[in-house]
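The values are calculated or read from the model by the stated rules, or taken from the named source; none is laboratory data. These numbers were taken from a predicted model, which means no experiment stands behind them. Please note: Cβ atoms are built from the backbone with ideal geometry, for glycine as well, and neighbour counts cover all protein chains shown.
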Amino acid sequence: MNGVTGRMGTRQHLARSIVAIRKQGGVALPGGETLMPDPILVGRNEKKLRTLAEAHGVGRWSTDLEGCLADPDTEIYFDSQTTTRRVEAVRQAIEAGKHVYCEKPTATSLDEALDLASLARERGVKHGVVQDKLFLPGLLKLRRLVDEGFFDRVLSVRGEFGYWVFEGEGRPSQRPSWNYRAEDGGGIIVDMLPHWRYVLDNLLGPIKALSCLGATHIPERRDEAGAPYEATADDAAYATFELEGGIVAHFNSSWCVRVNRDELFELQVDGTEGSAVAGLRDCKAQHRANTPKAVWNPDLPDTNDYRSQWFDIPQDDEPENAFKIQWEMFLKHVVADDPFPYDLLEGARGVQLAELGLQSWRERRWLDVPELEARPSREPERELGRA
């Protein structure tokens with residue numbers, strides 16, 4: 001597990017996934033056996049690794065990635081480093097014959113992302129990419145509505161994501177400073193458009209075209225040491241997608257917005273027979289039969305209590321952590337050959353959308369989203385840059 005000293009690596013992948021799986025006694029396999037992951041924490045900072053390992057009862061840690069990859073008993077490589085470091089390490093792991101699971105985006109360019117997918121296919125290793133939002137309770141409920149035909153014909157989608165990230169002066173920032181430096185792989189387009197790609201593709205249909213406008217609303221921030229630095233990456237993105245079947249989806253993603261909604265992320269789907277609003281955990285819906293008659297008259301108070309006319313979608317089971325669910329799926333994919341569709345080619349599709357988003361911003365125009373196929377590996381040609 002490389003890069004787990006970072007925020008997401010520690011909280012979601014180590015503590016709430018691998019450590020939680022170990023505490024529950026492992027993962028049950030179809031044949032009656034139990035799979036127990038035995039992690040090695042890998043990174044560059046020996047002190048951080050030792051502290052993290054001791055805090056979570058992990059017996060193995062190392063600053064020697066090559067040595068860990070050379071160990072024949074190590075079967076899986078996981079990467080949650082910064083994006084600029086990911087490609088080299090993932091390629092090294094694939095060439096060492098390890099199965100690979102990694103965070104998104106998988107690379108800083110589409111060329112690199114496709115090369116990794118092709119290399120993994122050629123070497124015959126299993127590979128997966130984190131697509132956690134598909135396993136959030138709110139989106140699982142929304143998926144049930146879609147699968148059961150609640151909406152009939154879907155017309156449009158509206159996504160709102162974000163919160164105010166403090167500039168680092170007076171109150172510490174909630175995100176690392178590299179997120180706001182394009183040269184370090186930062187930017188909300190690179191971060192969030194890969195999420196919206198797999199959410200839309202898997203829930204409502206393939207993205208056919210997009211238009212994206214980015215912005216750097218806060219031009220200067222302070223780093224972890226309190227020193228000022230120039231923000232060279234976008235901290236907000238306003239993107240419109242055309243989906244198969246004529247569905248229009250618009251997503252606002254911002255680290256410069258104050259929250260006036262029930263959750264940090266909300267997705268509204270409107271269809272001919274009903275509408276639903278899904279968040280990270282909750283989902284509420286309104287059927288055509290329950291839709292109130294709205295009349296535009298700004299001269300009189302509106303007597304409709306709109307929020308009370310939506311009903312909650314129930315949760316069948318107590319939800320598990322979304323990252324843990326996908327970790328268990330990937331572990332069973334490696335050991336028991338269970339299906340796992342979220343591979344490096346799917347990860348490349350996310351990188352493709354981010355790259356097209358930056359191009360659309362730069363050129364101020366709509367762009368088609370071509371279908372992707374894995375190809376023979378070759379050297380990368382370009383990197384995602386700031387518009």
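General remarks:
- When Asn260, Asn202 are checked against the criterion of being touching a helix residue (DSSP H, G or I) at 6+ places or on another chain (Cβ under 8 Å) and either outside any strand (DSSP E or B) or without any contact (Cβ under 8 Å) to a residue 24 or more places away in the chain (or both), a single residue qualifies: Asn202.
- Test result for Ala209, more than 19 Å from the chain's Cα centre (by Cα) and in a strand (DSSP E or B): yes
- The stretch 66-181 holds strands (runs of 3 or more DSSP E) entirely within its bounds, and those carrying 1 or more residues that are crowded, with 23+ Cβ neighbours inside 10 Å and not assigned by TED's automatic domain parsing to the domain that holds Trp255 map to 76-79, 99-102, 127-129.
- Considering the conditions (1) under 30 Å from Pro314 (Cα atoms); (2) touching a Lys or Arg at 6+ places or on another chain (Cβ under 9 Å), Ala233 is excluded by exactly one of them, (1).
- Taken together, the residues in the stretch 16-57 that are under 22 Å from the mean Cα position of the chain (by Cα) and either farther than 25 Å from Arg175 by Cα or surrounded by fewer than 17 Cβ atoms within 10 Å (Cβ to Cβ) (or both) amount to 2.
- Yes/no for Leu193 being more than 30 Å from Ile94 (Cα to Cα) and buried (at least 22 other Cβ atoms within 10 Å of the Cβ): no
- Summed over the stretch 320-331, residues that are surrounded by fewer than 21 Cβ atoms within 10 Å (Cβ to Cβ) and under 20 Å from Ala117 (Cα atoms) total 1.
- Residues of the stretch 263-295 that are of a type in the set (A, V, I, L, M, F, W, C) and either more than 13 Å from Asp312 (Cβ to Cβ) or part of a loop (DSSP other than H, G, I, E, B) (or both): Leu264, Phe265, Leu267, Val269, Leu280, Ala289, Ala294, Val295.
- Only one of the listed residues (Gly246, Gly214) is at pLDDT 95 or above, at positive phi and not polar (S, T, N, Q). That residue is Gly246.
For every residue, the table says whether it meets (1) crowded, with 19+ Cβ neighbours inside 10 Å; (2) not aliphatic (A, V, I, L, M).
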position: Ser275; (1), (2): yes, yes
position: Arg281; (1), (2): no, yes
position: Ala294; (1), (2): no, no
position: Asp312; (1), (2): no, yes
position: Glu318; (1), (2): no, yes
position: Leu356; (1), (2): yes, no
